[in-house]
Amino acid sequence: MSETLQPPTTAQESPASSDYFSPIPLWNAEGQTKRFEVMADRLGDRIPVTRLESWRQFSELLESDFFRRQDLVFRGHRRHDWGLMPTLGRVTTDGIVTKPLADAQLERFKRAVRGRLHDTALLEDDDEMWSVGQHHGLMTPLLDWTYSPYVALFFAFQKEDPKKEQDNPYRAVYVLDKRFLANPAIVAETGIRVVEPRLDHYGRLVNQAGLFTYSPPDATIENKLTNVLADDEGFTDEDLRNASEDEQPGLLARYICKIYIRNDDRDNCVQHLRRMNVHHASLFPDLIGASDYCNILASEVEQAAEIERQARRIAAAGSTSIEAPVEAPVEAPAIGLANTDSIEFLLRAPPAAQQVEPGRVGLIALELAKALVENQVVDWDKRDAVQARLRNAIRVVLRRYGYPSVARDAVAEQVLALAKQTPAEPA
């Protein structure tokens, strides 16, 4: 499985705030009978969705009867707003792979690999050729899936969010009923088919419990599947046909659904999966996987060392004795952005922040100061668009370094207000 890179939606389109997600049912809410909702918008695309507020609840969800069914396959997405678009869709303006585009790409690849394949019989099997190309970075109409929900969780959480990207409050895991797609009538109607290559020269498919779906021509997977499920004549599910409006999302979710998972505590999620032997070195049994595994461990060691250095600096300065107010508004001294003391004061103030180690708070303050300076331009405090970008940059830093989610929005506004008190020269 590989991450299908897609450009995140713009600030106007992307639901970065909790307002969008609040109508989506929490899977584990007490006294709740409805666990899925269909959000009739571009992002939801009529696929039933549910929500988890921590990756730690993922195992509980999987133990429910609903997700213990046979032949479910999973796909993890780093961003909440990525749809089921294959890499070949990235060359089109609408993300849709047409048949002429796919045919031309396959013929192009077959010509390019002449003399480079040990097994020339592969040239006679289009699905095998697409699989070989997918492994080597070819843009294809294939999408990676896995029989292992924990492998999907790994691909959802393995990478950090880039610093300058639109805020990303949730990551996502798609769930698809493979038996549904095995129905010849559904294959004929949608053009979607399951591809399970016979050969696995590189060990990745076996280690990842992987398989592919071939995306339909001239439409998205989401659109094709939801259209079929809504067709009372072409698709007969008596339970679905007789269901009330409230019951329909839960019944549709038996075929395809999307799980939003709160984008918090990424480091602990990755470490938890590593203890389960789900990591780069096990999923990518080649030199690239080994190298990625070592690089990630090196980054984790260096970040831990930096947190420790920040803790020693704070201890030496005697700043750990700051008393944080519980309810009163925070009034920090206005100090230049190059000095992180004021930002640290704000970060320590909320009661929830007491669980964060001092060194990490110091590192967050340093990164926030950098982000503010990098994003400031002339008259930024009078321009709403620039302030929105700054606010997003602050949220991304807070999320990236594991600052408590309950305090992020308030602290973001306070840091922005502090920056307005102490304007800096444009970077």
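Show me the ranking of peptides 41-49, 111-119 by mean Cβ neighbours inside 10 Å, starting with the highest.
Averaged packing, sorted descending, gives the order 41-49, 111-119.
Among Ala219, Pro25, Ala172, which residue has its Cα furthest toward the positive end of the charge dipole of the chain, with +1 on Lys/Arg Cβ and -1 on Asp/Glu Cβ?
Ala172
Could you give the length gained on full extension between Ser59 and Glu413, defined as 0.36 nm per residue of separation minus the Cα-Cα distance, in nm?
Values: separation 354, 0.36 × 354 = 127.44 nm, distance 3.47 nm.
Between Ser59 and Glu413, full extension yields 124.0 nm more.
Give me the number: length gained by fully extending Gln32 to Ala305, i.e. 0.36 nm times residue separation minus the C-alpha to C-alpha distance, one decimal in nm.
Length gained, Gln32 through Ala305: 93.9 nm.
Report Rg/Rh for segment 209-255, rounded to two decimals, where Rg is the Cα radius of gyration and Rh the Kirkwood radius. It would help to have the intermediate numbers written out before the result.
On the way: Rg = 12.9 Å, Rh = 12.2 Å.
Checking Rg against Rh, the ratio lands at 1.05.
Where in the chain are the DSSP H helices whose alpha-carbon span along the long axis reaches 15 Å or more and whose Kyte-Doolittle mean is at least 0.5?
The qualifying helices are 358-375.
Once you charge only the Cβ atoms, +1 for Lys and Arg and -1 for Asp and Glu, what is the size of the charge dipole of segment 100-198 about its Cα centre, to the nearest 20 debye?
Numbers: 13 positive and 16 negative charges, 52 e Å.
Dipole magnitude for segment 100-198 comes out near 260 debye.
What is the calculated FRET efficiency for Gln355 to Thr92, with r their C-beta to C-beta distance and R₀ = 51 Å, to the nearest 0.05?
Efficiency computed from Cβ-Cβ geometry: 0.65.
Run the numbers for Ala385 and Ala40: contour at 0.36 nm per residue of separation, minus the present Cα-Cα distance, in nm. Don't skip to the end; give the middle numbers.
Values: separation 345, 0.36 × 345 = 124.20 nm, distance 2.77 nm.
Extra length available between Ala385 and Ala40 comes to 121.4 nm.
How large is the dipole of the chain about the Cα centre if only Lys and Arg carry +1 and Asp and Glu carry -1, each at its Cβ, rounded to the nearest 20 debye? Before the final figure, lay out the partial values.
Values: 50 positive and 65 negative charges, 217 e Å.
Using only the charged Cβ atoms, the result is roughly 1040 debye.
Work out, in µm²/s and without decimals, the Stokes-Einstein translational diffusion coefficient of the chain at 10 °C, 1.306 mPa s, Rh from Kirkwood over C-alpha pairs.
Estimated via Stokes-Einstein, D reaches 67 µm²/s.
Sorting check: for 188-200, 258-270, 403-415, which peptide has the highest mean count of neighbouring beta carbons within 10 Å, and how do the rest follow?
258-270, 403-415, 188-200
Considering the options Ile259, Thr50, Gln208, tell which one lies farthest towards the positive end of the dipole of the chain, charges being +1 on Lys and Arg and -1 on Asp and Glu at the Cβ, about the Cα centre.
Gln208
For Cα pairs less than 8 Å apart in space and 6+ apart in sequence, what is the mean separation divided by the residue count of the chain, i.e. the relative contact order in percent?
Details: 616 pairs, mean separation 76.0, N = 427.
This gives 18 percent for the chain.
Glu222: net charge of surrounding residues, Cβ under 10 Å, Lys/Arg +1, Asp/Glu -1, itself excluded? Provide the component values of the computation, followed by the final result.
On the way: positive: Arg46, Lys224, Lys258; negative: Asp45.
My count for the surroundings of Glu222 gives +2.
If you scale each eigenvalue of the Cα gyration tensor by 5 and take the root, what three semi-axes come out for segment 219-300, rounded to whole angstrom and sorted largest first? Numbers along the way, then the final one.
On the way: eigenvalues 349, 52, 22 Å².
After diagonalising the Cα gyration tensor, the semi-axes are 42, 16, 10 Å.
In whole Å, what is the distance between the alpha-carbon centres of segment 135-152 and segment 32-81?
Segment 135-152 and segment 32-81 have Cα centres spaced 19 Å from each other.
Starting from the exponent 0.38 and prefactor 2.2 Å, build the expected Rg for segment 10-168 from its residue count and divide its actual Cα Rg by it.
Ratio of Cα Rg to 2.2 N^0.38 Å: 1.28.
Quickly estimate the mean residue ellipticity at 222 nm for the chain, helices only: each DSSP H run with n ≥ 4 gives -39500 (n - 2.57), and the total goes over all residues, rounded to 500.
For the chain, the value works out to -12500 deg cm²/dmol.
Label point 7 Å out from Asp19 along Cα-to-Cβ: which residues of segment 162-187 have amide N under 19 Å?
166-170
Quick check on packing: order 385-392, 148-155 by the mean number of other C-beta atoms within 10 Å, highest mean leading.
148-155, 385-392
Treat each spin label as a single point 7 Å out from the Cα along the C-beta direction, and report the Lys164 to Leu297 distance in nm.
Inter-label distance under the simple model: 3.3 nm.
Bear in mind these aren't lab numbers, they're just calculated from the coordinates by the rules spelled out. Computed from a prediction, not measured in an experiment: that's the story for all the values here. Every residue, glycine among them, receives a Cβ derived from its backbone with ideal geometry; neighbour counts consider all protein chains shown.
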